[in-house]
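All remarks here apply to the structure that follows.
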Amino acid sequence: MSDLTYNYRDPNVGLYQLNDSYTLLLQVYPTTVSYALVHQNRLIAWCEDCDPKILNEPGQTHEFLNYDFKNVIVALSSTGFTLVPNALYDAGRIAEIARFLDVKPREKVFAQPLDDENHIVYKVSETVAKKAEKFGLQNTTHIAKGWLKAIESSNPPAHNLYLNFDKKQVEIAYFAAGKLRFYNSFEFHNPDELVYYTGLVAKELQLPQRATNIVMSGDINMDDNNAGRLAEFFNGVEESEFKILELPAELFPHQVLALTALSLCVSSEVF
């Protein structure tokens, strides 16, 4: 995985300068949180895989989190999800849909529009939901929504598969004619498993591997063993160049895409 720096802070911005024009973006996982502070399309601060206690005890390193932000988007890692076409979606039937997710007693169900054609219904652990409560569950969104919106807005060609690496999971998306045609996530433990799942998706979509390009984002780089293994089976492998915000020179766009793209999102409904 990546060995890049996992913290950034603009040295010219202090806590006393914050106001309601700043936006806080959060990714919440069961055992970690990541955040970005954004102002006027510019990244002010970033931290990946932080101890969740910083949400209540920011300390000096994360002092920006002491501010009472009016603009907050909280992305929740899910334990399961399903996509529902808008034509079939009915908020009154969420409980029925959630049965397909095998919701456990300590899980909550959320739902929201994913794009112009689909809703996403997903479940999150009680641990994740409780961390998000401080910022208001109305400010939550599915963790992949920003990433998917960023790809959609780039006019993606139909010969690309998009992979986002997040912890031990890879999210895979495919777009054709400007529309999302496939999205799923897979847990993998080695490069061979990654190639297997990616190849399985390509086969399902009837995409010839030798004519398909892989566009990567997240905790990955071109020197990574996972990237090297993918390059053996697909036409090309590259890091995503989508740039949502103005970034410092030491950060690469693909590294922070899923987090910074949360600025494109709206909130979920909780059930």
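Length gained on full extension, Q40 to N155, computed as 0.36 nm times the residue gap minus the Cα-Cα distance: 39.0 nm. On full extension, the segment bounded by N225 and E193 gains 10.3 nm, given 0.36 nm per residue less the C-alpha separation.
By how many nm would the segment from A177 to K104 lengthen if fully extended, with 0.36 nm per residue of separation less the alpha-carbon distance? List each step's numbers first, then the result.
Working: separation 73, 0.36 × 73 = 26.28 nm, distance 3.74 nm.
Between A177 and K104, full extension yields an extra 22.5 nm.
Here the simple spin-label model places points 7 Å from the Cα toward Cβ, and for T79 and D10 these points are separated by 3.8 nm. How far apart, in nm, are the 7 Å Cα→Cβ label points at A249 and N56? Label at A249, label at N56, 4.2 nm between them. Going by a ≥ b ≥ c, the root eigenvalues of the Cα gyration tensor, does the stretch 6-105 fall in the rounded group (a/c under 1.5), the prolate group (a/b larger than b/c) or the oblate group? Here the stretch 6-105 falls in the prolate category. Report summary: the helix-based calculation at 222 nm, which adds -39500 (n - 2.57) for every DSSP H run with n ≥ 4 and divides by the residues of the chain, gives -5000 deg cm²/dmol.
The alpha-carbon positions of the chain define a convex hull whose volume is 129 Å³ per residue. Taking other Cβ within 10 Å of each residue's Cβ, how do Y22, Y174 sort, fewest first? With the sparsest Cβ surroundings first, the list reads Y22, Y174.
Judged by the mean number of other Cβ atoms found within 10 Å, the most tightly packed of the peptides 28-39, 81-92 leads the ranking 28-39, 81-92.
Quick note: the coordinates plus some simple rules give every number you see, no bench work behind them. In this text the structure is predicted, and so the values were computed from the model without any measurement. Because the Cβ atoms are built from the backbone with ideal geometry, glycine has one as well, and the counts that use them run over all protein chains shown.
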